[in-house]
Amino acid sequence: MSMMKRCLMTMVAVMTLTMAGAQTVMPQACEQSIVTPKANGRYLWLPIQESAPEGKVQVIVIGMLQMEQNVRMAREKVDYYVALDLQPYQGKGALKVCVQNVPTGSVCFKKLVQNNDADFALIDEKFRPLYHHTPKRGWMNDPNGMFYKDGVWNLYYQYNPYGSMWGNMHWGHSTSTDLIHWKDEGVALAPDVWGTMFSGSCVVRTQSAQSGQRTQSIQNGDVVAMYTASRPTPFGGDVQSQCIAFSNDGGKTFTKYEGNPVLTAEDKDFRDPRPFWNEDIEAWNLILAVGQEMRIYLSKDLKQWKYESSFGQEYGNHGGVWECPDLIKIGEAKWVLICNINPGGPFGGSATQYFVGQFDGHKFTCESKPEVTKWMDYGKDHYATVSFYNAPDNRRTVLAWMSNWQYANQVPTMQFRSANSIPRDLGLFTYNGETYVSVVPSKEMLAARGAKVNQPMEACEIVIDVKKQAEIVLSNAKGEQVTMTYDGQKQTFSMDRTKSGDVSFSQDFPCVTKAPTYGQIRQLRIFIDRCSIEAFDAEGKMAMTNLVFPSEPYNNIKVKGGKATIYEIKN
């Protein structure tokens, strides 16, 4: 056992703060109020006031602490409701809910509701996307653990079920058969004694990737999740370690490995594991973000990992912490290392950079010079990009988190925050001797096209055949507008959202973003939803993703230097 793991186990044994799943430590004295739920009614609805300080909500069964979360319980007004699911605790003995650090006279204690209605008090928000994935309630950031199995696309994500701001990290889960329409599958992984559930990945076990010693019931075809557990220390800061969990039902439920954590270190920002089966060496590889570098490991069983090498020193952009890595083979000869960074993006805040090169199972070698930085998307709102494991037809299909850490907690939505980008497929192209990643909307977006229409809608795709110079202006009757400009001579594409609608919530939001086009653009594909615009070169040489918050939908378009065809998006 490593020194770090022994320290972690000792720390867990002595700490009094116990996360969900630990049932052996008495809770702290309840300073404020105790709620005794009714015997029936699955959901206890907690009233939330976003401007309120965080209190603590604890679930106690027979005097033992079962769960504890930070919740902004309403003090003067109720902004929205979140659900405390009582089902895991009902029928096991005396059940109480303790609310700490909230004044007893707060409005939340008068507004608590218990029922079986999963859609209770849902707000019809005007900025909720119509064809992008969003959580029904709560906060979402990084996509996690994405995989394809038996005709189903599985998406997990960083999730706070107890409010629409970052915190209480769980893994939420959604499934889709077409990458457009998503079914909410609830919480897949919840905090435990090792900490909250930070980002990670899932793999699908196959006949060519069998485990060694089977310490739990693991069959071929199982889904294995690897994730970062993060917990605070008594001395400040946090400890991040890598854990695994197994699923025998296609990823709906997981059993955490009794030998967790499987990988520890004393480094800060040690997180976001991405394991994958490498057929070239018939072993598991792992790429892991550590500070401002990526580390590569090797394993035969997903449990015992051997360090192989590091990549990143002096390469690319180092304006912030490196996060959410991916390492994928595209074609027969090239590997792409995806590196999300925050801050350091081309227009501030978070963004996705990448490196093209060779990987032999032990070391990644970048083919570009160290000073070359390549961005996958030149918008402000494209981050935490990772690919689906086991995608059909050897596709490299990715999703991104459609926001920016500069203002993600402040965007003008309420009961939910954040959406994912449309699905995109990655490839490669060359320009002036350099190899770049191409990004095109996945073929499922073609299937989502509906009828041709005469003007933009709140959910539509606009296809524009452009000449050497083009200007596209989207606007509404309120005078709000987004201007996109293609300059064929300079080989650039830009998007101006400074007058796009509500830009008041952050000084970092109004901006003009500009991308190189690496040659001429012949056709643009522009996807509009209620709060986003995603623009692509149809050949994949340019992508740009930006949020917008117009007071009413853009219903007018003017195009100079091109011809537009508009399709509604079926949803």
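Report, by residue number, each residue of the stretch 230-255 that is touching a residue at least 60 places away in the same chain (Cβ under 8 Å), closer than 16 Å to H170 by Cβ and either polar (S, T, N, Q) or in a loop (DSSP other than H, G, I, E, B) (or both).
S230, G251, K252, T253, F254, listed by residue number.
Would you kindly identify the strands (runs of 3 or more DSSP E) lying entirely within the stretch 484-571 that contain at least 2 residues that are over 23 Å from P129 (Cβ atoms) and at pLDDT 95 or above?
Output list reads 492-496, 512-516, 556-569.
I'm checking my understanding of the structure. Among residues of the stretch 488-508 that are hydrophobic (A, V, I, L, M, F, W, C) and over 28 Å from Y518 (Cα atoms), which one is surrounded by the most Cβ atoms within 10 Å (Cβ to Cβ)?
The selected residue is V503.
Output the residues belonging to the stretch 28-59 that are assigned to a strand (DSSP E or B), modelled with pLDDT of 95 or more and farther than 23 Å from L122 by Cβ.
Selection gives G55, K56, Q58, V59.
In the stretch 292-299, is there at least one residue being surrounded by fewer than 16 Cβ atoms within 10 Å (Cβ to Cβ) and either in a strand (DSSP E or B) or not aliphatic (A, V, I, L, M) (or both)?
Scanning the stretch 292-299, I find no residue that is surrounded by fewer than 16 Cβ atoms within 10 Å (Cβ to Cβ) and either in a strand (DSSP E or B) or not aliphatic (A, V, I, L, M) (or both), so the answer is no.
I'd like to check something: does the stretch 377-391 contain any residue that is assigned to a strand (DSSP E or B), open to solvent by 40 Å² or more (accessible area, probe 1.4 Å) and either more than 30 Å from Y80 (Cα to Cα) or in contact (Cβ under 8 Å) with a residue 40 or more places away in the chain (or both)?
Within the stretch 377-391 (the criterion being assigned to a strand (DSSP E or B), open to solvent by 40 Å² or more (accessible area, probe 1.4 Å) and either more than 30 Å from Y80 (Cα to Cα) or in contact (Cβ under 8 Å) with a residue 40 or more places away in the chain (or both)), the answer is no, since none of the residues qualifies.
Pairs please, first residue from the stretch 337-365 and among the charged types (D, E, K, R), second anywhere and open to solvent by 10 Å² or more (accessible area, probe 1.4 Å) and outside any strand (DSSP E or B), Cβ atoms under 9 Å, 6+ apart in sequence or on different chains.
Qualifying pairs under 9 Å: D360/D280; D360/I281.
From the list N278, N285, exactly one residue is open to solvent by less than 40 Å² (accessible area, probe 1.4 Å), under 24 Å from the mean Cα position of the chain (by Cα) and under 24 Å from D393 (Cα atoms). Which is it?
Every option except N285 fails the conditions.
Of all residues in the stretch 282-330 being in contact with a Ser or Thr (Cβ under 7 Å, 6 or more places away or on another chain) and among the aromatic types (F, W, Y), which is farthest from F429 (Cα to Cα)?
Of everything passing the filter in the stretch 282-330, W305 is farthest from F429 (Cα to Cα).
If I ask for residues that are modelled with pLDDT of 80 or more and of a type outside the set (A, V, I, L, M), which ones from the stretch 206-233 would you list?
Hits for the stretch 206-233 are D222, Y227, T228, S230, R231, P232, T233.
Could you identify the single residue in G450, G479 that is within 29 Å of R395 (Cβ to Cβ), surrounded by fewer than 16 Cβ atoms within 10 Å (Cβ to Cβ) and either more than 28 Å from the chain's Cα centre (by Cα) or modelled with pLDDT of 95 or more (or both)?
Sole residue among the options that is within 29 Å of R395 (Cβ to Cβ), surrounded by fewer than 16 Cβ atoms within 10 Å (Cβ to Cβ) and either more than 28 Å from the chain's Cα centre (by Cα) or modelled with pLDDT of 95 or more (or both): G450.
From the set of residues in the stretch 142-182 that are in contact (Cβ under 8 Å) with a residue 60 or more places away in the chain and among the aromatic types (F, W, Y), which is most open to solvent (accessible area, probe 1.4 Å)?
Looking at residues that are in contact (Cβ under 8 Å) with a residue 60 or more places away in the chain and among the aromatic types (F, W, Y), I get W166.
To keep it simple, each residue is scored yes or no on (1) over 15 Å from the mean Cα position of the chain (by Cα); (2) over 24 Å from N571 (Cα atoms).
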| residue | (1), (2) |
| --- | --- |
| N394 | yes, yes |
| A400 | no, no |
| N404 | no, yes |
| Q410 | yes, yes |
| T413 | yes, no |
| F416 | no, no |
| P423 | no, no |
| G427 | yes, yes |
| T430 | yes, yes |
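Do the conditions hold for E323, that is, is it among the acidic types (D, E), part of a loop (DSSP other than H, G, I, E, B), under 30 Å from W375 (Cα atoms) and open to solvent by 20 Å² or more (accessible area, probe 1.4 Å)?
No, not satisfied.
Being assigned to a loop (DSSP other than H, G, I, E, B), of a type outside the set (A, V, I, L, M, F, W, C), touching a residue at least 12 places away in the same chain (Cβ under 8 Å) and open to solvent by less than 50 Å² (accessible area, probe 1.4 Å), is that true of even one residue in the stretch 109-121?
no
Taking the stretch 149-206 on its own, how many of its residues are outside any strand (DSSP E or B) and closer than 25 Å to I287 by Cβ?
Count: 7.
Mind listing whichever residues of the stretch 360-374 are over 18 Å from Q313 (Cα atoms) and either open to solvent by 20 Å² or more (accessible area, probe 1.4 Å) or assigned to a strand (DSSP E or B) (or both)?
If the condition is that a residue be over 18 Å from Q313 (Cα atoms) and either open to solvent by 20 Å² or more (accessible area, probe 1.4 Å) or assigned to a strand (DSSP E or B) (or both), then D360 is the only one that fits.
Just need a number here: residues in the stretch 83-108 that are open to solvent by 40 Å² or more (accessible area, probe 1.4 Å), of a type outside the set (D, E, K, R) and under 30 Å from the mean Cα position of the chain (by Cα).
Here the count works out to 2.
Residue-by-condition table, conditions (1) of a type outside the set (S, T, N, Q); (2) modelled with pLDDT under 95; (3) in contact with a helix residue (DSSP H, G or I) (Cβ under 8 Å, 6 or more places away or on another chain); (4) farther than 29 Å from N144 by Cβ:
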| residue | (1), (2), (3), (4) |
| --- | --- |
| R424 | yes, no, no, no |
| G427 | yes, no, no, no |
| T435 | no, no, no, no |
| V439 | yes, no, no, no |
| P456 | yes, no, no, yes |
| A459 | yes, no, no, no |
| I462 | yes, no, no, yes |
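Kindly indicate which of G348, G357 is at pLDDT 95 or above, over 17 Å from L426 (Cα atoms) and surrounded by fewer than 19 Cβ atoms within 10 Å (Cβ to Cβ).
Answer to the selection: G348.
Working carefully through the options V440, V466, find the one that is touching a residue at least 40 places away in the same chain (Cβ under 8 Å) and over 30 Å from R128 (Cα atoms).
None of the others qualify; the one that does is V466.
The values are calculated or read from the model by the stated rules, or taken from the named source; none is laboratory data. Remember, predicted model here, so these are calculated numbers, not experimental data. Note: ideal-geometry Cβ built from the backbone for every residue, glycine included; neighbour counts use all protein chains shown. Calculation scope for accessible area: heavy atoms of the full protein, side chains included, ligands and nucleic acids excluded. Shrake-Rupley method; radii C 1.70, N 1.55, O 1.52, S 1.80 Å.
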